[in-house]
Amino acid sequence: MTRSRERRARPAEATQKPRRRGKGEAGLPAAFVEFMLQRWKAPPAKPPPKVPGLGRYAARRRALSERFAGEVLVIPTGHERVRANDTHYPFRPGSEFAYLTGNHEPDAVLVLEPAGRGGHRSILFVDPNPGKTDPTFFTDRHKGELWVGPRLGVEASRRRYGVDEGRPLDELGAYARSVKARVRVVRGHSRATEALFEKRRRAGDDADAKLAEALGELRLRKDALEVRELEGAIAVTKRALEDALRRLPSARTERELEAAFVARALAEANGVGYGTIVAGGANACRLHWTRNDGPVRAGELVLIDGGVEARSLYTADVTRTFPVSGRFSPAQREVYEIVRAAQRAAVEAVAPGAEFLAPHRAATRALAEGLARLGVLKGPLDEALDEKKQYYKRYTLHGTSHMLGLDVHDCARARKELYREGKLAAGMVLTIEPGLYFQPDDLTVPARLRGIGVRIEDDVLVTARGRRVLSEAIPREADEIEAWLAELWGGARGRGAGRKGRTG
């Protein structure tokens, strides 16, 4: 579909005169098109406010520039995706693009173009905003202002995001053809953008992977603003958990608890940072259970793994496990205390200079010791922990930590020697999330423990002298969990131990 270009020499797109057409647009009568283009109030001339943290975004672009002197860097944000052949899924910008610009609009592309003395100048390609001077404002159901609201446009985007130059998105192809320097593209967000620059890539070249790697490494250490955003997301996550827990005494299915959690996330933030896990009973033993359509039954546990995403896109990642009836049974508490001890040991292992895997090793040994006390692991403990055997993994299944930030599994493309095989440094934020999972059909487990799944997860900031648990305000000790439920339920015990939850 055609769209008029903005004239960058003019300060505001709305100063353009309406286009005159002799024929109808998209099958519409010419007279109607002409009528729709007339007598609209001019938009305010006031420039948009600068994006909060403007200086930080510029500094991040400079840091990236220093690693790739003389090369063109292309960072697309991605596109909306069609849902049900009618509408679109909510758009979530590419994390790399958002990290470098603060822009959350779809379809945009940031280009860092080589400039003097080894630096780069920033060019932001965005959709123009012709206002109501072009028929597309009412004929384009995908991007038209009448359908989805106004866009910032080229000049307003340049001002808001503090880039050196703004250009209309439909000029990106011509720009790509004009490029002579080596090009690196952040892949996985826009196949169309990747295709435009394909001829500038070299056969067998890993240039694009190196760009993604560099961006992952730049994001490993969070600044004070990023930490505040994570703290804000965690605070909303606590309120979302409380909303879900207030619903627990009457909930028939996991979905009811998820609905309460997500409602708070949508009301106070950008939604959730990943698919919320609400796992009742044995569903807690399925690590990526997101169907959330199982029953909530008295006497069982319910595991909630959820994180609210701030409007800045930084996400929390917190897991708690709750007794549906308000109190842990002896078997449930026994398993819970082992997991909590493992988490405590893992948190204490977090320190600047410590290996990233140190918390995992501490948690693993504590979990294995607990499994031995339960009689689940037989024989010498060292044999169960032996790298060539790892019998404990049958019941623990996953690692203890991952980085956290704009993505729930942040910085995933950083080099392993700086991440998984590297050392912790002040400013890094990681999760600590040990768990035990006893499958309901596992004959190596005593019958009283089968079907119990427990995970406890917190978000931890590495500080100059140690660590700070950012999610400290969310109860985690078994007694605290029971007291929290009692407080939220007004002192009531919830479902009685002998009452069966309905499946609906």
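Here are the numbers for the structure shown:
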| item | result |
| --- | --- |
| Verdict on A214 being aliphatic (A, V, I, L, M) and more than 23 Å from the chain's Cα centre (by Cα) | no |
| Residue in the stretch 366-385 that is in contact (Cβ under 8 Å) with a residue 40 or more places away in the chain, touching a helix residue (DSSP H, G or I) at 6+ places or on another chain (Cβ under 6 Å) and either closer than 21 Å to G306 by Cβ or of a type in the set (D, E) (or both) present | no |
| The stretch 212-226: number of residues that are hydrophobic (A, V, I, L, M, F, W, C), out of contact with any Lys or Arg (no Cβ under 6 Å at 6 or more places or on another chain) and in a helix (DSSP H, G or I) | 4 |
| The lone exception for R60 - which of (1) open to solvent by less than 40 Å² (accessible area, probe 1.4 Å); (2) assigned to a loop (DSSP other than H, G, I, E, B) it fails | (2) |
| Restricting the stretch 368-395 to residues that are assigned to a loop (DSSP other than H, G, I, E, B) and either acidic (D, E) or crowded, with 21+ Cβ neighbours inside 10 Å (or both), the residue that is nearest to the chain's Cα centre (by Cα) | Y392 |
| Which listed residue is in contact with a Ser or Thr (Cβ under 6 Å, 6 or more places away or on another chain) and open to solvent by less than 10 Å² (accessible area, probe 1.4 Å), from G299, G326, G306 | G306 |
| Qualifying residue in the stretch 438-450 (condition: closer than 24 Å to E472 by Cα, at pLDDT 95 or above and touching a Gly at 6+ places or on another chain (Cβ under 7 Å)) | no |
| Condition check for T77: touching a Gly at 6+ places or on another chain (Cβ under 6 Å), β-branched (V, I, T), surrounded by 21 or more Cβ atoms within 10 Å (Cβ to Cβ) and in contact (Cβ under 8 Å) with a residue 24 or more places away in the chain | yes |
| Given (1) over 15 Å from V72 (Cβ atoms); (2) at pLDDT below 95; (3) touching a strand residue (DSSP E or B) at 6+ places or on another chain (Cβ under 9 Å), index of the condition A207 fails | (1) |
| Count of residues meeting criterion [surrounded by fewer than 16 Cβ atoms within 10 Å (Cβ to Cβ) and either small (G, A, S) or more than 19 Å from G275 (Cβ to Cβ) (or both)] in the stretch 399-411 | 1 |
| Residues located in the stretch 432-472, provided they are more than 32 Å from the chain's Cα centre (by Cα), open to solvent by 10 Å² or more (accessible area, probe 1.4 Å) and among the β-branched types (V, I, T) | T444 |
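The values are calculated or read from the model by the stated rules, or taken from the named source; none is laboratory data. What you are looking at is a predicted structure, and each value in this text was computed from that prediction instead of being measured. No Cβ is skipped: glycine too gets one built from the backbone with ideal geometry, and neighbour counts run over all protein chains shown. Keep in mind that these areas ignore ligands, DNA and RNA; they rest on the heavy atoms of the full protein, side chains included. Shrake-Rupley method; radii C 1.70, N 1.55, O 1.52, S 1.80 Å.
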